[in-house]
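Peer 1: This is the structure, below, for whatever I ask next.
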Amino acid sequence: MSYRVIAACLLVFSLVFAGVGLIHAQTVKGKEDAKKEDKKEEKKDEGKTDEGKDEKKDDEKEEKYLTHHEAEETMEAMEKAWNKLKMNLKNKRGDVVAEQADIIADHAAKFRKYDGEVLTGDEKGKKARDQKDFKEWLDKLEEAAKEISKQANKSKWDKVDEAKEKAGDTCGACHDVYQPEEED
Ligand code: HEC
């Protein structure tokens, strides 16, 4: 064999070896990269679950809904304040009227956490508190009660009467749709 052939063979061999080596290196690197990516993903996921937990905690803190008993208590306090308000309006006791109106406004706000369900119709079984009309009645009641309080403190009785009508409308309107039948 001439040295040329040998040289050519060596060259071919070295090229082949270099090629294999390169491919090998590439695959190893590829695998390592893939592993790194996996780890990154894992870390991201861990981050996500932590965030998720925090969100849940916040939800629990914020979204504490009324028990059935608390809902009844809220409404009973509302009625008591409402009756006192009407009585003291007759006597034109502005300070007491304002005080009772404030109680009503607070309890209307509290009742946004009502946990009861829609009783009839297409939305039956969904939460009452998520319904547009339910929320609007509570908004209207709270707003009107605040107005009563403000005007009563100024002894503006016409304006108090006006706001009182608005507040009073919401009680019956909402009960007609959302108050369950009295259970024994
Ligand atoms: C946005 C709706 C809504 C408004 C507005 C509303 N209520 Fe109610 N009310 C309810 C619901 C729902 C119940 C039933 C609560 C339960 O038993 O779970 C209820 C129950 C009651 C009860 C019965 C409580 C009991 O012990 O069972 C009284 C009394 C009452 N409301 C008074 C009032 C008065 C007075 C007003 C107005 C100043 C008013 N409510 C405004 C929804 C409303």
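What follows is calculated from the coordinates using simple rules that are stated; it is not laboratory data. Everything quoted here is computed from the prediction, not taken from an experiment.
Peer 1: Go through segment 146-162 residue by residue and turn each phi into a ³J(HN,Hα) via Karplus (6.51, -1.76, 1.60, θ = phi - 60°); whole Hz please, and just put x for glycine and proline.
Peer 2: 5, 5, 4, 4, 4, 6, 5, 5, 9, 6, 8, 6, 4, 5, 4, 4, 4
Peer 1: In terms of modelled amide H atoms, which long-range or inter-chain residues lie less than 5 Å from the amide H of residue 115?
Peer 2: Residues meeting the criterion, in which the H sits 1.01 Å from N, are 66.
Peer 1: Still on this structure, please answer the following. Residue by residue through segment 123-140, what is 3J(HN,Hα) from phi via Karplus (6.51 cos²θ - 1.76 cosθ + 1.60, θ = phi - 60°)? Round to whole Hz and write x for glycine and proline.
Peer 2: Whole-Hz 3J(HN,Hα) from phi for segment 123-140: 8, 3, x, 7, 6, 4, 4, 8, 7, 4, 5, 4, 5, 5, 5, 5, 4, 4.
Peer 1: Also, I was wondering about something else. Percent of alpha carbon pairs in segment 68-178 separated by more than 22 Å?
Peer 2: Counting pairs separated by more than 22 Å, the tail of P(r) holds 31 percent.
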